[in-house]
Each structure stands twice: as C-alpha cells, then as structure tokens.
1. Does Val195 satisfy the criteria of being under 18 Å from Val316 (Cβ atoms) and in contact (Cβ under 8 Å) with a residue 12 or more places away in the chain?
2. Is it the case, given these coordinates, that Thr134 is part of a helix (DSSP H, G or I), under 34 Å from the mean Cα position of the chain (by Cα) and of a type in the set (Ser, Thr, Tyr)?
3. So, in the range 330-346, exactly how many residues are at negative phi, in a strand (DSSP E or B) and surrounded by 16 or more Cβ atoms within 10 Å (Cβ to Cβ)?
4. Output the residues belonging to the range 247-264 that are over 21 Å from Ile315 (Cβ atoms), assigned to a strand (DSSP E or B) and not hydrophobic (A, V, I, L, M, F, W, C).
5. Given the range 182-246, what strands (runs of 3 or more DSSP E) lie entirely inside it while holding 2 or more residues that are polar (S, T, N, Q) and surrounded by fewer than 14 Cβ atoms within 10 Å (Cβ to Cβ)?
6. Identify, by number, the condition in (1) modelled with pLDDT of 70 or more; (2) crowded, with 18+ Cβ neighbours inside 10 Å that Glu293 doesn't meet.
7. Answer yes or no: is there a residue in the range 237-257 that is more than 31 Å from the chain's Cα centre (by Cα) and not aliphatic (A, V, I, L, M).
8. I need the full set of residues from the range 254-264 which are surrounded by fewer than 19 Cβ atoms within 10 Å (Cβ to Cβ) and either among the hydroxyl-bearing types (Ser, Thr, Tyr) or at positive phi (or both), in order please.
Amino acid sequence: MEVKFKKSYKFAINTSLYTTIFFTLLMSVFLYYYFTFKWLPILIFGIVFYVFSFLIIQYRVERYIYRRVKTIYDDLTLLESTSLTRGAITTDMATLTQEIDKFARDKKLEIETLKVREQYRKEFLGNVSHELKTPLFTIQGYILTLLDGAMDDAKIRKKYLKRANSAVERLGYIVSDLDLITKLEAGNLRLQPEVFNIIELVNEVFGMVEMRANEKKITLTFDRDYDNPIMVRADKERIQQVLVNLIINSLKYGRIKGTTEVSIENLIKNKAIVRVTDNGEGIEKNHLARLFERFYRVDKSGSRREGGSGLGLSIVKHIIEAHDERIYVESEYGVGSEFSFTLEKAK
C-alpha cells in the first residue's frame, strides 16, 4: 500500500533546530576552552548537523508512524472498512484522526441502523404472522364445524361457507398487498406514466366505492364544481389505487352521515395537490409519525373490525414516492383527517 507522507515537516524541523542549537552551543564551549574558537567551523557544523538531524528524524518518525498506522489500517480492514482502504495510507495525524473519527461515527450509525432494522424485522414478521393467522384460523374453524356435521343443515352450511369465503378474500388481499409493497420497496414495479384528467379519475373512484359509502350514509363530494379538466402526468392505475385506498380509509373511520371531500388545487406552476378530507374519528398526534408503516394500526383493540390488510397507507406512500412526489397527513382527534399528495401537472 502506498505511503502518503505529510507535506508539513514541522515536527522534524523544530526537533532538528533544538538539537542543533544544543549541540552547536556545546561544541562552541568545547572549542572555546580547549581549542581555538572560530565562527566558520561552528557555522558549518551547525548547518551539517541540522540537515543530518532533519533527515534522520523525518525518516525515522515517518517510518515509526507508518508502522503504527499500518497496523491500525489493517485492523480496520478486518472490520470491512471501505472508506479507509481505498486511498493511500496517510501519516498525517490530523488527517488520520479525522478519518478514524468518521469511521467510528459511520460504524456507530450503521450499528444503530441495524438495530432499528432488526426491531422492525421482528415487528414485521410478527405482524405478518398475525395477519395471516387470523383468516386462516377462521377458515379452519368454519371447515371443521362443517365437517363435524353442520354441513347437513343447508342454512348453516351456506352461512359458514360465505364467512369462509370472506376470510379467503381477506387472505388474498393481504398476499396481494404484500406482493405489491415488496415490489415497490425493491423498485421492481415499473410505472407507466400517462396524461389523464384527475377529476374524471376521482369520479370513477367515487362510483367504485359508492355502495360502501351508502352503508354508512357518507356523502362523497368535491369541494366545488370543476368545470374544466385538470390534466396530470402519472401512472393512472396506481393513482387510482391511491385514491381508492385513501377514500376507503376515510369511509372506514368516518362518521355515519358524514362527508368525504376531495379537492384539487394548484400547488406550484407544475404541481397539483389532491386532498382527501373527512370529518371522522381523526387521529391522535402520537400516531401520525408511524401512520404509513406496514401493518401499523391506530386502534389496536378494534383495528380489525373494518377488515383490510393493514398495508393500504403504506402502499399509498410507496406509490406516491415512486412518482417522486410527496404525501402529507393532517389530523385532529375527534374532528377529522386530511390526506394529500402532489402530482405533476401535464403541460
């Protein structure tokens, strides 16, 4: 490995100077008492001694430091350091100290990140296990009940098969959403951007969820009449999925006879912002930071009464970020929530 000697020789210069002054004075005293004192020999001696001392000290110090530093670099290499082994080994203590400090900070950050990921992995596996276990046990329970003799009763058989079918559907939603979010996080899902009218797309989504809204008598509406189309550029199918998830989420936690309102506004010259607002339960502030995490649920006790995979908001976030856009949430507990996201306006 190449040695990169420091440009500053301050240590060798100062040490050589002090040594030269000491021995020159000693030589001057010696000549004064025992021989004839002359300035020229003393001057020549001082110059020669200084140059010799400088070379010896500089070389030896550099080699001494290099050996010690080389050991440090070798030890760090065992820790798979990449930042310290790419370039030449430096013997400049200031530079070396900075590199070691940076390496230590990076390693500390890496360890903390790994701890967070490990905790996240444990929570994720626990959540997946729980989400899959619930519908599986439900299906198993209905099937075992039917096998134990309930299938002989046509009314009970039909009821239990319907319930088992609902559990299978939920299981399918979970698996499908897991597959989608895995592709989104891995960057394997290719977007197909196109220009479309966001107003028309919202109307289509209103039609898709209208029956569900009617169950709770929730009104689906725009904030105002949009006489002119608002053209945006994005993956239409994925943005439709975003709108469906957000609107269904507002219906789940919306009040009976409440309202879910969609508005589209100009944000900046080439950006539009879509807002989905409801007057439902609202979300407490301590939950907002984790709202887009996979399987995170605000209401732990009754979180499954509305069904779903628990991945909807996480999928929404990943789809919007895949478009290089931003998603926001504002909520006041007991008042309602507003989810908004940006889209690129078509020119």
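1. Judged against the criteria, Val195 is not a match.
2. Against the criterion (part of a helix (DSSP H, G or I), under 34 Å from the mean Cα position of the chain (by Cα) and of a type in the set (Ser, Thr, Tyr)), Thr134 qualifies.
3. Total satisfying the criteria: 10.
4. Across the range 247-264, the qualifying residues are Thr259, Glu261, Ser263.
5. 219-222
6. (2)
7. yes
8. Lys257, Thr259, Ser263
The values are calculated or read from the model by the stated rules, or taken from the named source; none is laboratory data. The structure displayed is predicted, hence computed values, not measured ones. Here Cβ is always computed from backbone atoms with ideal geometry, including for glycine, and neighbour counts include all displayed protein chains.
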